[in-house]
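Read through the structure below, which is laid out as structure tokens, and then see the notes.
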Amino acid sequence: MKKIISFFTSHTVWKTLINRIEGIKKTSFGDLVINQTVKLKKIPLASAIIFFSVLISILIVKTRPETQAQPKIEKIWPVAVISAESIDMQPKITIYGEVRASRMALIRSKLRGKIVSLNPAFKDGNFVESGIELLTIERARYEHQTAEKRADLFHSEAILEELKKELIFEEKLKIVAKKQLDISNRNVDRISALVSQGRESKQLIDDTKSKYATREQDYLLKGQRVSKLEAKIKQQEALYDKKAATLAIAETELSETVIRSPLNGFVSDVSLAFGQLLESGETVGRILSSKELEVRFELPEADYGRFTKNSASKENKTEAKDLIGRILTINWNLGSEQLSFNAKLSRIGAEMNPETGGVEMFASLQNDASELGLRAGAFVEVVFPDFIYRNVYELPERAVTDENYIYVVRDQRLVRLPIEVVGRSNNNFLIRSKINSGELIVSRLFENISPGLRVKVL
């Protein structure tokens, strides 16, 4: 108990209380307290404790130090700013795409047969030139077939020549028969005149008319023979054309036993072996054009909308019409090295991708791209030039409110101004607003920002 009393008596609060009591003793209130204390000696202990508790509370309230109200100081907000400078700018839209061959040839076997010759270069990844022999199918059956069709054609040609010569001979005989008929006709006229004069007998006129009828019959038969030969010649000509077409088919099939590359390019998807039996129409590989490369990519719907005629502004309508033919930059990253190529936007897809919302586009690469090693299937970066925006301000996204306002510093106070967002450049907005050149714009908004705040520029 003594230790507890010793602890409290040594405490700073206790010492402060004793000092205050000593000061109160010297006042009239102190005299009153001393007199009451003397009287309390006759009061029971419990009442005395209550009295002293109330007394100490009063002493603490009466002796508390007086505090004076401090004047309210306006808070100064530190802000980061950028200087407003009007510029002309053409942003770049960065998209990723894939290189593909704009021309591709499927190599198919048009005939059924066994592979008897296979070019060693006809393997995946190898470069082959147009017209080079890739493989050969056994030719014996097709050679025999061609020889047979050629013989049929020669036979048909010989018959046709024979008929034509016979027609020429028959036409000459017809001419002779016509002359004989004319002579007989004149004899009939002459004998008829003599008979009418009584100088010849009627028997003679009958014999003359009989000879005329014979000549006439011979002439008609010659004409019939000529007509038949002309019809046979037409039939034989048709048969000859048929034989010629059959021979052409046979020769085509014979030529198709040798499969050649239709273009310059790289071989892909080949799986063949010497002696393998191929079926008609079976695909044996692909040739991807080495010169005609293009990049396929998807332009976001929002960006595409700005390039269309209806959504483009008046100053950019001419550029929107010239979307096809726009020159793009293609970047191919090879580790730490980057190769750049020029490409021309050649066509736009007919439909939007419902999954990504993008518009499919194709850009044709220059021919030197393949010479530098670029191949189909490469993943590349497409730099798409945007419109040229004139007299705009470039601001970071965090400097613009959701309601399209910015804050400028005027006389160390914030002023809110409305803006028009006309474009984007990476993570920055391109805006137009009534801003004075060189004016300070808050570059980073903060919570509770509002017009009229006093600020300090960092």
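Here are the numbers:
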{"read-out": "Environment charge of Lys172, counting only residues whose C-beta is closer than 12 Å and scoring Lys/Arg +1, Asp/Glu -1", "value": "+3"}
{"read-out": "Kirkwood hydrodynamic radius over Cα pairs of the range 140-255, then Stokes diffusion coefficient at 37 °C and 0.692 mPa s, in µm²/s", "value": "184 µm²/s"}
{"read-out": "Compactness index (Cα Rg / 2.2 N^0.38 Å), the range 298-454", "value": "1.36"}
{"read-out": "Estimated FRET transfer efficiency (His155, Ile388; beta-carbon r; R0 51 Å; 0.05)", "value": "0.10"}
{"read-out": "The range 140-255 - percent relative contact order, Cα under 8 Å, separation 6 or more", "value": "51 percent"}
{"read-out": "Inter-label distance, nm, simple model (7 Å from Cα along the C-beta direction), Lys179/Lys202", "value": "3.6 nm"}
{"read-out": "Rounded to whole Hz, the Karplus (6.51, -1.76, 1.60) HN-Hα couplings of the range 98-106, x for glycine and proline", "value": "10, 7, 9, 7, 6, 10, 9, 10, 7"}
{"read-out": "Surrounding net charge for Trp77, when Lys and Arg each add one and Asp and Glu each subtract one, Cβ distance under 11 Å", "value": "+2"}
{"read-out": "Linear extension gain, Arg141 paired with Gln276, 0.36 nm per residue minus alpha-carbon span", "value": "46.9 nm"}
{"read-out": "Leading residue at positive end of dipole, the range 345-436 (Cβ point charges), from Leu345, Asn436, Val400", "value": "Asn436"}
{"read-out": "Nearby aspartates and glutamates by direct alpha-carbon distance to Lys110 (threshold 12 angstrom, same-chain neighbours under 8 apart not counted)", "value": "Glu253, Glu256, Glu279, Glu282"}
{"read-out": "Percent RCO, i.e. relative contact order, over the range 298-453, from Cα pairs under 8 Å lying at least 6 residues apart", "value": "17 percent"}
{"read-out": "Order of Ser109, Ser346 - criterion: other Cβ atoms within 10 Å of each residue's Cβ, fewest first", "value": "Ser346, Ser109"}
{"read-out": "Over 20 Å (Cα to Cα) - which of Lys291/Lys344; Lys172/Lys232; Lys178/Lys228; Lys164/Lys211; Lys114/Lys149 fall in this group", "value": "Lys164/Lys211; Lys114/Lys149"}
{"read-out": "Distance between modelled label sites at Gln235 and Glu355, nm, 7 Å Cα→Cβ extension", "value": "6.6 nm"}
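Since every read-out is calculated from the coordinates, none of them should be taken as a lab result. Everything numeric here is computed off the predicted structure, so don't read it as measured data. Cβ atoms come from the backbone with ideal geometry, glycine included; neighbour counts cover every protein chain shown.
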